[in-house]
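The values are calculated or read from the model by the stated rules, or taken from the named source; none is laboratory data. Being a predicted model, the structure only gives us computed values, none of them experimental. Note that each Cβ is placed from the backbone with ideal geometry, even for glycine, and that neighbours are counted across all protein chains shown. Keep in mind that these areas ignore ligands, DNA and RNA; they rest on the heavy atoms of the full protein, side chains included. Shrake-Rupley method; radii C 1.70, N 1.55, O 1.52, S 1.80 Å.
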2 protein chains.
Amino acid sequence: MIKAGFVQFNPVLGDQETNIKKIKSLMPLAKDADLIVLPELANSGYNFVSKDHAFENAEEIANSRFIDFLIDEARKYNLHIVAGFNERENNNLYNSSALVSPEGFLGKYRKIHLFLNEKEIFQKGNVGLPVFDIGFCTIGILICFDWIFPEVWRILAMKGADIICHPSNLVLPYAQQAVPVHGMINRTFNITANRYGTERDVTFSGKSIISDPFGKTMVTAAPDKDAVKIIEMDIKQARNKMITPQNHAFDDRIVEEYSYLIS
Amino acid sequence: MIKAGFVQFNPVLGDQETNIKKIKSLMPLAKDADLIVLPELANSGYNFVSKDHAFENAEEIANSRFIDFLIDEARKYNLHIVAGFNERENNNLYNSSALVSPEGFLGKYRKIHLFLNEKEIFQKGNVGLPVFDIGFCTIGILICFDWIFPEVWRILAMKGADIICHPSNLVLPYAQQAVPVHGMINRTFNITANRYGTERDVTFSGKSIISDPFGKTMVTAAPDKDAVKIIEMDIKQARNKMITPQNHAFDDRIVEEYSYLIS
């Protein structure tokens, strides 16, 4: 059994130091975990007034106070962290999530399905849909609005993700209904780490959620409070893709009928 | 607004005449509908003791007492009917659904994802994933276990299905949780017409369900009773694929990242 969960909080727009302090204050509640997921753009907040504003609050991974902080926490508590991160690379911004361990920075995902005016701020992700074997399990990462595209949940599960980490800044309540079903269909554990609070005209919905490979909600958070929830997962459940003794979630796909999906 | 719904009943294994009588007795409750969906294998029942047993209870569409009966009902009530149908073609059996209108037989779908020992009885469907423009809307058809494959819901919606008709003989309760989410993601109305009752060692779960293009359950049936439920649908809701003013359910798909789905 492994222990995994989320830290739900309320990032402050454009104030990384305050966000680091808040995460630091909540991490002791996560000390027993092996894996923790933080919300989307946990370093910077979400609702930038302009691309310049977003740029001012982004960091390059190789030179990032926020990433260094995450690694320190990973070392202190001996766990892996997936955290949404406003990432700058030269003149480009990406809505990214970083994966760190006690050994340091392990990898990143850059969001491919951009929401509303994110399209004017961030580049579309260009690192594909990676999965990461972190020893005790294999994880994939999606970010917020990616949730509405069943293709990417499917791909990560087919690539071997046992747990799909889903840093989010959700506004609408739909994802919390859909994410467990993605898990049911693909037989994965899913961790949606959402934020709460309001930034200018946007209110985020909280209700972070962890679901099991049968679509069952294992734990949720309140819509408007800090929350750290850690639960035990039996990773074997995610590795058994037999829906029945004669039906396999992936091998039963009739791929020759699916070409329309990429036409 | 159109009116669509389901007839949930308890087909008797190997007794088409009794099944026809039962459907006939329930159809007056559907008289206001434009479109009605019946369960999977509504003519024959489900849990055959052998392939021969299934064969004895199948019909060819061109020479079918059951299809002729459906057309008579479609004429009597001036509606379209989608009904699960144990279909014989020469020496092959298909787990099919027929679409009929007052004008006669319009088309069929043959189930592609076969469940458990259906694999020993039926051929895999060989008519693809058709959609049917029936004037007041466009429909697609899936059958029972197809529900667990998000690919096929996606494809039918992308092909223009406003309503996905889902004749079923469900055993487990998972589909009723998942089908509304398929509808939310693809912005379709979904009608799962399930059966109830027990055949030998298999008990079916009833709870037929209609959901809207936002994932909301519009109506459900009891787990163990005949039920006819008809609701109004605003087809415009299914034709608006804008998730936000800047996000389209299909145009926002990043197809170049999806090739793994058919690799």
Label geometry 7 Å along the beta-carbon vector: residue A:242 inter-copy distances in nm: 5.0
Using θ = phi - 60° and Karplus 6.51 cos²θ - 1.76 cosθ + 1.60, couplings along region A:187-204 (whole Hz; Gly, Pro as x): 6, 10, 7, 10, 10, 9, 9, 9, 9, 10, x, 10, 10, 6, 8, 10, 10, 9
Inter-copy label distances at residue A:172 (7 Å, Cα→Cβ; nm, one decimal): 2.8
Residue among B:213, B:130, B:167 with the largest mean-square fluctuation in a Gaussian network model of chain B, springs linking Cα atoms under 10 Å: B:130
Region A:224-263: trypsin sites (Lys or Arg not before Pro) in DSSP loop, at most 14 other beta carbons within 10 Å: A:225
Tensor-based shape of region B:220-260 (alpha-carbon gyration tensor, a/c under 1.5 rounded, otherwise prolate or oblate): oblate
Accessible area expressed per residue, region B:2-262, with surrounding protein chains retained (probe 1.4 Å, Å²): 35 Å²
In order through region B:139-151: 3J(HN,Hα) via Karplus (6.51 cos²θ - 1.76 cosθ + 1.60), integer Hz, x for Gly, Pro: 10, x, 10, 10, 10, 6, 4, 3, 4, 7, 10, x, 4
Rounded if a/c under 1.5, otherwise prolate or oblate - chain B, Cα gyration tensor axes: prolate
Chain B: calculated mean residue ellipticity at 222 nm from DSSP helix runs of at least 4, using -39500 (n - 2.57): -6500 deg cm²/dmol
3J(HN,Hα) from dihedral phi, region A:165-178, Karplus parametrisation 6.51/-1.76/1.60, rounded to Hz, x for glycine, proline: 8, 9, x, 9, 10, 6, 9, 8, x, 5, 4, 5, 7, 7
Interface B:A - total buried accessible surface [probe 1.4 Å, Å², rounded to 100]: 4700 Å²
Solvent-accessible area, 1.4 Å probe, carbon plus sulfur percent, for chain B: 48 percent
Other-copy label distances relative to residue B:76, 7 angstrom Cα-Cβ extension, nm: 7.5
